[in-house]
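A.B. asks: The structure follows.
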Amino acid sequence: MVHAAAMAQGKKRPAVPPPDGGWGWVIVAGCFMVTVCTRAVTSFWFCSLNWFQPLLTGQFRCISIFFVEFQMHFGRDYSGTAWIHSLVDCTTMLCAPLGSFIGNRLSCRIAVILGGFLSSIGLVLSSFATSLEYLYLSLGVLTGIGFSLCYTPAIAMVGSYFCERKALAYGIAMSGSGIGTFILAPVVQLLIEHYSWRGALLILGGVVSNLCVCGALLRPITLKEEEEAHGPVPLDTDCGYRVKAQVVSTLEEPLAINNSKDSRCFKSMQEYRFLLMPDFLMLAVSFLFLASGCSLPFVYLVPYALDVGVSHHQAAFLMSILGVIDIVGNITFGWLVDRRCLKKYRNVCYMIAVGMEGLCCLFIPLLRTFALLVPFSVLYGYFDGAYVALIPVVTSDIVGTTNLSSALGIVYFLHAIPYLLSPPIGGWLVDTTGTYTATFFLSGFALISSSLVISTVTGIRHCRRTQKHRKNNKDTDPKQDPCQGSRSDFYIASRFPCLSIQM
């Protein structure tokens, strides 16, 4: 029986290159709906109906559609009511590693289905709330945990299906936040007007339950039998392939079976070995700076515009422009980066996008009219959408697709605290200085620092790659595909053009 089990294990079919299409587009559609339900729904806690009724995006962090309803119904102050959004958003980010863990241990499909169930239950229970403390638990904690189980596994799944068009796939998937808010924000307002906030939350619970359907679509890549002269070989992590355990010889298989507990422990260690990579540590520092600066313009653009004499309607239109162009940036920049001439410079494109955001923030104190603020909204919105689409791509380039789910869990975890603290710090600077200059400078310098850190990582990796190519000059093809990985520990089948042979 041991021999039969060993033979069955040895017959596991190795993974094949990602299809870059086919069922992969269904995965993108599923991830798109996940971002609609997780990010667009939470963005309803960002909209200000008092300041800009025609605002089409829900990304402005102020008084929400539900905020006024909760405040009026429960008779609580601003700070007490604001904790609802803080909890749901921070719980989603803080528990992102939990979503990665469940996705790795069970499957991405199970993680998303479970998350859809929990978040739907949280919204439905919230419709029966009798106090704000009740909403803290049902809407803030339970729904936030459900969203965290869905978000990271769905995003990581896209990377398993795409290599050649990875940036475009992520751009389409991540645009669900802006497009979903564009469509759902006015719908939710109508639901509140017709069915009250309780009915609106109940219906939203039904909408979010569709995450279970999205999870069911996230099937693993179909593995094919490869009969090579040297036997089956695992796949390169950098090219978007799911790495399977290396097939051991017949004599070693019974020993591997007997030591299954040790292998599970080893697998757990392997999942997070990227935490010891200097490149990833530098990337994490870059994301901390990024998260500290990227949210401030969304919070303070409208107050700044009103402060310099722009009308309420025009200030609202600035945010509408920013939100719509953000969607355009998601898709078009992803498509652009996937072009053959730019593919191997994806990290540089990401660095430029973040750096341009920072420069926009440094110049905004000089922009004191509506005509000058419109270009700012266009540029900042475009580059904001651009870098959001490239975060999973850049992370995958550093850690490989095998570790992408776990790495994204850490990446989004790092976003939580800066998201929570940077707006109050920006507000404190406004109160202290009496102007918005220091706040926008803080945002600009944080974003530029993030760009400089990632440029350092890119430079170090380029030097290492150059040294390695010189060392293995005889065996390295000078025209290798940009999808090739440089950190694979395995030998790759040479007939796959996206795979590199490690010597």
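The values are calculated or read from the model by the stated rules, or taken from the named source; none is laboratory data. Just so it is clear, the model here is predicted, and its values are computed rather than measured. Every residue, glycine among them, receives a Cβ derived from its backbone with ideal geometry; neighbour counts consider all protein chains shown. Heads up: the accessible areas ignore ligands, DNA and RNA and are worked out on the full protein's heavy atoms, side chains in. Shrake-Rupley method; radii C 1.70, N 1.55, O 1.52, S 1.80 Å.
A.B. asks: Run the 1.4 Å probe and let me know the accessible area of residue 415, rounded to the nearest 10 Å².
C.D. replies: Spelled out: residue 415, probe radius 1.4 Å, area about 10 Å².
A.B. asks: With the convex hull built on the Cα atoms of the stretch 341-449, state its orientation-averaged projected area in nm². Display every interim value, and only then the final one.
C.D. replies: Numbers: hull surface 32.1 nm².
Computing the convex hull of the Cα atoms and averaging its projections yields 8.0 nm².
A.B. asks: Can you tally the net charge around residue 438? Count Lys and Arg as +1, Asp and Glu as -1, for every other residue whose Cβ sits under 15 Å from the Cβ of residue 438.
C.D. replies: On the way: positive: none; negative: 307, 431.
Once positives and negatives cancel, what remains is -2.
A.B. asks: With every protein chain left in place and a probe of 1.4 Å, what is the accessible surface of residue 331, to the nearest 10 Å²?
C.D. replies: Accessible area, nearest 10 Å²: 60 Å².
A.B. asks: To the nearest Å, what is the center-to-center distance of the stretch 144-172 and the stretch 405-433, using C-alpha atoms only?
C.D. replies: First find each Cα centre; the distance between them is then 22 Å.
A.B. asks: Quick check: with the 1.4 Å probe, what order do 376, 363 take by accessible area, largest first? Please list the in-between numbers first.
C.D. replies: Working: 376 5, 363 120 Å².
Largest accessible area first, the residues go 363, 376.
A.B. asks: How many percent of the accessible area of the stretch 284-428 is carbon or sulfur, using a 1.4 Å probe?
C.D. replies: Values: 3740 of 4870 Å².
Using a 1.4 Å probe with all protein chains present, the stretch 284-428 comes out at 77 percent carbon and sulfur.
A.B. asks: With every protein chain left in place, what is the accessible area of residue 23 in Å² (1.4 Å probe, nearest 10)?
C.D. replies: The accessible area of residue 23 comes to roughly 80 Å².
A.B. asks: What are the semi-axes of the equivalent ellipsoid for the stretch 59-215, taken as the square roots of 5 times the Cα gyration tensor eigenvalues, largest first, in whole Å? Write out the running numbers ahead of the final one.
C.D. replies: Details: eigenvalues 166, 59, 39 Å².
Ellipsoid semi-axes (Å, largest first): 29, 17, 14.
A.B. asks: Could you please report the charge total around residue 179, scoring K, R as +1 and D, E as -1 over all other residues with beta-carbon less than 13 angstrom from its beta-carbon? Don't jump to the answer; show the numbers that get you there.
C.D. replies: Working: positive: 39; negative: 326.
Summing Lys/Arg as +1 and Asp/Glu as -1 gives 0.
A.B. asks: Assuming 0.890 mPa s and 25 °C, estimate D for the stretch 139-215 with Stokes-Einstein, Rh taken as the Kirkwood radius over Cα pairs, in µm²/s. Don't skip to the end; give the middle numbers.
C.D. replies: Numbers: Rh = 14.4 Å.
The calculation lands on 171 µm²/s.
A.B. asks: For 313, 73, what's the largest-to-smallest order of accessible area, 1.4 Å probe?
C.D. replies: 313, 73
A.B. asks: Now a separate question. How do 436, 387, 345 stack up against each other in accessible area, from largest to smallest, with a 1.4 angstrom probe? Walk me through the numbers before you get to the answer.
C.D. replies: On the way: 436 40, 387 10, 345 105 Å².
Reading off the accessible areas and sorting them downward yields 345, 436, 387.
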